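No lab work stands behind these numbers, since they all come straight from the coordinates. For clarity, every value in this text was computed on a predicted model and none was experimentally measured. Glycine also receives a Cβ, built like all others from the backbone with ideal geometry; neighbour counts cover every protein chain displayed.
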Amino acid sequence: MKIKIALLLLCGGLLSPNGLVPAETPIKAGLVSVPKNLVTGRKIESLGLDVLAEWQGKFFVLAGPEDLERLDAEQIIYRPETAAGPAYPAAPARGGINGAYHTYLELQADLFALERSHPNIAKIFDIGDSHEKRHIYALKISDNVAVEEEEAEILFTGCHHAREWISVEVPFLLGKYLAENYATDPEVRRLVDRSEIWIVPLVNPDGLEYSIHVYRYWRKNRRDSGRGNFGVDLNRNYGYQWGFDNEGSSSDPGSAVYRGSAPFSEPETQAIRDLFLRKNFQAMISYHSFSQVILYPWGYTVQPSDRNEELRTIAAEMSRRIQAVNGRTYVYGQSSGPSMYLTNGDTTDWTFGIAGIPSYTIELPPIDELGGGFFNRQEDIDPIFSENLPAALYLLDRSIQEFRPRPPSRFDLRSLFFIKD
Amino acid sequence: MIGLLAQALVIVALPLRSQTVIGQYEDEAPVRTWNSFPAFTAVGLGRGETGFTLAMDASAALSNPALLPTLPGFSLATDGYFHVASFFMYGPVNTGLFTSDKKVSLTGGGLGFAGMSVRFLGWSLALNYSLSELYHRPTACDAYEYGGASIGEFNFEQRGALRNWNVSLARRIGSRFCLGIGLTYAEGYLEREMRESWFPPFPSYSITDRKSQGFRGIMVTGGIFLELSDRLRMAAVVRSPYIKKSDSRSELRYESRPGNTDIMISATAEDEAYQPLVVGLGTSYDINPELIFALDATYYNWSKYSLVFFEEPRERDFKDVVKIAVGIEHRSSSRIFGDKAVIPFRFGVVYDPQPMKEPSSSYFGLSFGNGISWRGVHLDVGALLGRESGSGHALDLIRAAFSIGYSK
């Protein structure tokens, strides 16, 4: 049964150029609005349409040609929304309740704005929905962005942990930088032309919203585990050595490092997993905060991996390039090293474990709790991004240099489904 | 760091003093019920929250201004309330940060209504004040211990209220028909503060999250009242939709003296909540000269409700609901110092569905009341006992009110 599902997934990946559904499709289909009332609500639900948002008395529906036919058949009046104005709820300019940091809606608006302003090299994909039905977006930056080319691919993720607001900003700004400098910076053009850069700046949108509106230091996602317990630590929910022990994660739903009921039990990690398995990534960075460190596998054991030196060399170079910008030191080392702690089921162990690619957790500033902990000054967003940019570009360039076309079967099917040995 | 936190977060006490509505994350949910219109004093409360066709004093303008011509030429009344409302899920409680196995209760009381009415040249005028909504939440506080020493504390508080200032005008047209209209200015506030502090030997810092809103809005209430016969009455009431505007302020602050760190994110915004149309129909019938039956049905167009908070729309998946209230009132008479005294006994039931689609939730209430009217003075008490079903937490509700008035 598991193998059947695997085949379906892999076949599904072949159906469209990217194996993913673009979050916004051409006008012949595209975004339409439907007046919101009880009748249309029931019908839209029964038709299984993808409601992007509800706003100002309308459902905003992402509809393909067949969906539009079904709307016609149901005599539901709809109106195209893609021609002018945003195709999603307009978000205010940043500076609201969480200051210069993005809310979910602000990020959604900014991502789509980036796509609109750079349609040839930026494209948004909806790679899954969270527990509370928020979309998890991936921004793809590449030349011929609508086509899947045989190029190096690299993945950047942010905000597995809700309270780490800065970890949304750095990957988003990376995508923005690449898109906005493509036309004028030859080096950016070279990198973008020769690679496919995937950025998921907000893996945990529900948690981020809870962190903004209810409790600033919320860490996990928003799964209701019952008995007043909420949330799974998404960075303990990945499938490689998931639940290896109770030190690197917890089986207690009340714990801040609760690993969930099963590997990839959460829609948010499923979204990253499914994206990862459809692509051929050569490297990945997962941004977190705080403590200014660059970590690499393994996290589940203190034993070094058999490619420890390679991982260490890359980390050292990234650290050097970061320090060259603002003088801030990012210590590097194995994730379970002496100054750190064990983690099992985290993102980088999984990507390294199943694909063998250089995988890094970068813990952004500040360096300690007294320096702000999960808080960063709004005016520090740009400096923190700027210092991390050379490291990201270095890893991207290295991936391009090391790139070899993918062999037909890269993954062991058993590892696809995260069976713990 | 994580390991230390996990060890440190030993909850030693959860002295919750009270809780919320099932709306879970919805800080703006009024205590008790979303269906705060119409408001009732002790008389209507005792009769199952019926009031579209029966008036005792100027508080009639809160439910149907067209009833004002049925009052004596002058009336004056005030009303105090006491309530206990239980909550299970709100703010940080049972949403992830704090857990509580039991419902927690919010207890409070105060002035609920004050008003007067006069009739002059065939016109009836009422001026009144009422407390229409409360946004208080049970305070949550906690302490953290590590190695037997107190290393941190957490406090959550939320307070808020919406007050209505109303002027109503009504006139009898013919012998059996009355028409009334009211203009209400609503104003209030909502303040919420969450503070977390950590002390040595843990890294010493504090986080303060403070949000406040000042509300204002204007709504119109219209009503008609028809005496179909000497025994049968009917009424229709409309409360306009209105925008509850808000001046919102937010301060999120991190402070660490040892780290010499002070980070502040502050914001102001002009927000609004669209409050929906309410339509009510009521009837009452004199079964005999001493026994009155009343029935009110109120429709709330909650599917149109929307909220913008710090300039960002907040998702509220609401549905329209209809509240049903049924009451009876028995009026017995006797004489006190030679003057007639009317002693009413009231009883009622109310079905009060809440607008959230998930969980679908309703309050069922039983009410009773008693009073006396003598030489133009009336004293009334009323109480409503309610229990919620649908959320799985069987939230409780007790509301008692005491009214005193004079009419001539």
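Please give the FRET efficiency for B:Phe364 paired with A:Asn120, using the beta carbon to beta carbon distance and R0 = 60 Å, rounded to the nearest 0.05. Don't skip to the end; give the middle numbers.
Values: r = 61 Å, r/R0 = 1.02.
The formula returns an efficiency of 0.45 here.
So which trypsin sites (Lys or Arg not before Pro) in segment B:67-176 are both in a DSSP loop and have at most 14 other Cβ atoms within 10 Å of their Cβ? Walk me through the intermediate numbers first.
Working: sites: B:Lys102, B:Lys103, B:Arg119, B:Arg159, B:Arg163, B:Arg171, B:Arg172, B:Arg176; in loops: B:Lys102, B:Lys103, B:Arg176.
Counting only loop positions with at most 14 other Cβ atoms within 10 Å, the trypsin sites (Lys or Arg not before Pro) in segment B:67-176 are B:Lys102, B:Arg176.
So if R0 is 22 Å, what FRET efficiency would B:Glu145 and A:Glu247 give, r being the distance between their Cβ atoms, rounded to the nearest 0.05?
Numbers: r = 22 Å, r/R0 = 1.00.
Rounded to the nearest 0.05, the efficiency is 0.50.
Exposure proxy check: B:His136, A:His288 ranked by fewest other beta carbons within 10 Å? Before the final figure, lay out each step's value.
Details: B:His136 19, A:His288 24.
Lowest to highest Cβ neighbour count: B:His136, A:His288.
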Would you pull out the residues with amide H under 5 Å of A:Leu202's amide H, same chain only if 5 or more places away, H placed 1.01 Å from N? A:Tyr137, A:Gly158
Computed label-point distance, nm, for sites A:Glu180 and B:Glu153 using a 7 Å Cα→Cβ extension: 4.5
Inter-label distance for B:Asp262 and B:Lys357, nm, one decimal - labels placed 7 Å from Cα along Cα-to-Cβ: 4.7
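Given axes a ≥ b ≥ c from the Cα gyration tensor, I'd like to know whether segment A:200-321 is rounded (a/c under 1.5), prolate (a/b larger than b/c) or oblate.
Numbers: a/c = 1.72, a/b = 1.55, b/c = 1.11.
Note, shape of segment A:200-321 comes out prolate.
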With the convex hull built on the Cα atoms of the protein assembly as shown, state its orientation-averaged projected area in nm². 39.1
Using the Karplus curve 6.51 cos²θ - 1.76 cosθ + 1.60 with θ = phi - 60°, what ³J(HN,Hα) values do you get for each residue of segment A:377-383, in whole Hz, with x for Gly and Pro? 4, 4, 6, 8, 4, 5, x
Cα principal axis extents for segment A:104-416, largest first, Å: 54, 43, 41
Go through segment B:35-133 and name the chymotrypsin sites (Phe, Trp or Tyr not before Pro) that are in a DSSP coil and have 14 or fewer other Cβ atoms within 10 Å of their Cβ. none
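Pull out a ≥ b ≥ c, the square roots of the eigenvalues of the alpha-carbon gyration tensor of segment B:118-272, then state rounded if a/c is under 1.5, prolate if not and a/b is larger than b/c, and oblate in the remaining case. If you can, show how the numbers build up before the last one.
On the way: a/c = 5.39, a/b = 3.19, b/c = 1.69.
Verdict is prolate for segment B:118-272.
Length gain on complete extension for the stretch B:Leu232 to B:Phe74, per 0.36 nm per residue less the alpha carbon to alpha carbon distance?
Numbers: separation 158, 0.36 × 158 = 56.88 nm, distance 2.49 nm.
Here the answer is 54.4 nm.
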From a point 7 Å beyond the Cα of B:Ser206 in the direction of its Cβ, which residues of segment B:251-294 have a backbone N at a distance under 20 Å? B:251-267
If each part is reduced to its alpha-carbon centroid, segment B:158-206 and segment A:132-184 end up apart, in Å, by 44
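Please state, to two decimals, what the Cα-based radius of gyration of chain B comes to when divided by 2.2 N^0.38 Å (N = residues). Working shown, then result.
Details: Rg = 24.0 Å, N = 408, 2.2 N^0.38 = 21.6 Å.
Rg over 2.2 N^0.38 Å, computed on Cα atoms: 1.11.
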In nm, spacing of pseudo-spin labels at A:Ala324 and A:Leu47 (7 Å Cα→C-beta vector): 5.5
